[in-house]
1. Residues Ser183, Ser193: which one is over 29 Å from Val102 (Cβ atoms), part of a helix (DSSP H, G or I) and touching a Leu at 6+ places or on another chain (Cβ under 8 Å)?
2. In the set Leu126, Leu78, which member is at pLDDT 90 or above, of a type outside the set (Ser, Thr, Tyr) and closer than 30 Å to Val19 by Cβ?
3. Looking at Leu388, is it in a helix (DSSP H, G or I), closer than 20 Å to Ile33 by Cα and at pLDDT below 95?
4. Since Ser36 meets every condition but one in (1) closer than 19 Å to Met364 by Cα; (2) free of Cβ contacts under 8 Å to residues at least 12 places away in the same chain; (3) small (Gly, Ala, Ser), which condition does it not meet?
5. Is at least one residue of the range 32-47 outside any helix (DSSP H, G or I) and surrounded by fewer than 22 Cβ atoms within 10 Å (Cβ to Cβ)?
6. If the Cβ limit is 9 Å and pairs must be 6+ apart or interchain, which residue in the range 291-307 that is over 17 Å from Phe337 (Cα atoms) and aromatic (Phe, Trp, Tyr) pairs with which residue that is at pLDDT below 90 and in a helix (DSSP H, G or I)?
7. Within the range 129-154, track down each residue that is touching a helix residue (DSSP H, G or I) at 6+ places or on another chain (Cβ under 7 Å) and at pLDDT below 70.
8. List pairs: first in the range 129-141 and touching a residue at least 40 places away in the same chain (Cβ under 8 Å) and crowded, with 17+ Cβ neighbours inside 10 Å, second of a type in the set (Asp, Glu) and in a helix (DSSP H, G or I), Cβ under 8 Å, 6+ apart or cross-chain?
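The values are calculated or read from the model by the stated rules, or taken from the named source; none is laboratory data. Everything quoted here is computed from the prediction, not taken from an experiment. Cβ sites come from the backbone with ideal geometry, for glycine too, and all protein chains shown count toward neighbours.
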Amino acid sequence: MHVFHFSELFVIQLILIVVSTIWFLRRNDEIPILISVLLFYVASYRYLVVDLELDEWMNAYATFGLYYITDESALSALHYIVLGHVCLLISYMLRQREVIGVVKTTQEYDLFLKQIAPKVLWFGLLLVPVSIFSSMSAFALVLGGQTLAFGLSYLFLFPLALIGSSTLVILLWKFNGLASWQSKGMAILILISTFYITFQPTSRFKFVGLLIAAASIWFCSYSSKTRLLALSIISVSVISLFTIAGTMRYSSELEQTAVWERFYTAEDAQMLDGFVMVRDVYPELLDFRYGMEHLEILARPIPRALWPDKPVGGYVNKLGLYNVEKHGTLGFSPTLFGSFYAEGGAIAIIFFSLLYGVILAALMQYSNRLSYQGILIRATVISSMIPLLRGGDLPGIYGWIGMAFWPVFLVLWLDRKRLKAASYSYSEQFFPNLKAGYQVLMHIKFR
């Protein structure tokens, strides 16, 4: 028996969108509305589409030999997603009470960025041919019989660095760091090349991540109302381009009717279906992970050449439901809360949702105390929310984020003195009671 009917869960997610919109207008903070709109689309809207017989549930039995997905099992999964959605937003909103400042582009351009601008441009240009060579080499090795899961993952993921380098280029352009026509020409070449390389049917999330990061940076100097309008238009455009790329997976000829059908049937957003599969697996076929999904994030960077028996990610491969040697790793995204469910059921969803909300709030507050570094941090966080909310193999998702934004992390590390100063100031405010307690303890000890 379910606690809520579908109509009630549908209304709850709609209310969360309204609350998140008001939050955005008042605090200039797009994290809640990004979370709410995306989760509504992949959860309640997906259920509605199938309920109206505009689409069907995925055939989990034909694909993996799991149970058929029914309206009943999908409604049960929807309960868990809405539970995580509510906990995540409550945790975030209770902790993040600041107004994100509107950046003024009239202020003097940062001296550090002036110094690194030429290096960023030349580095971005260098990444373009290296990324093309990396993709071609990975493709050739796959045709030769090797798999992406065993030894080729870094080679395949290296072009993700174009997202980070392009993010830096957009930041430089936004703050007038590209003064000469030569530098702007180099920037245009980098961005066009990145668009061409990332806008592929098999790498759609690379492209989405880049556009989200670019929009966050470009509109950081506008008011919340203008940003809401601009980001809404960009979001619709991103979904349309994402759907177009999805259509190209099945046909080289782009048909307008096919694109529109994939959009309104949420065929590219079958995360609710994926959650049902996770519920069928845990704990009936596999034991709950009890935190191992997150601990494996630390082990994932170890090359398989150094650790041949390193466990593969995803329940599909762990159960041997797919031919890993032939096809590599495969899985269907169950949303972030599906990954949490695999850790320990409903209790894990509540715990990790609250924890992630606090961490996200801390990152946004910390970024609010920085100059250009804060803009980069927010762009990285917002862009990373897309694959995170999609869920699935968490170690692989964090690997995706690391490979995509390591150029950004490198720039932040090079200017680490100011980051340390801001970190010290933020930690004093973040842990005021802890510091006061420590001082009292020291006073008693040495009295």
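1. Among Ser183, Ser193, only Ser193 is over 29 Å from Val102 (Cβ atoms), part of a helix (DSSP H, G or I) and touching a Leu at 6+ places or on another chain (Cβ under 8 Å).
2. Working: Leu126 fails: closer than 30 Å to Val19 by Cβ.
Just one listed residue meets the conditions, Leu78.
3. yes
4. (2)
5. Scanning the range 32-47, I find no residue that is outside any helix (DSSP H, G or I) and surrounded by fewer than 22 Cβ atoms within 10 Å (Cβ to Cβ), so the answer is no.
6. Trp307/Ala299
7. Result: Thr147, Leu148, Ala149, Leu152.
8. none
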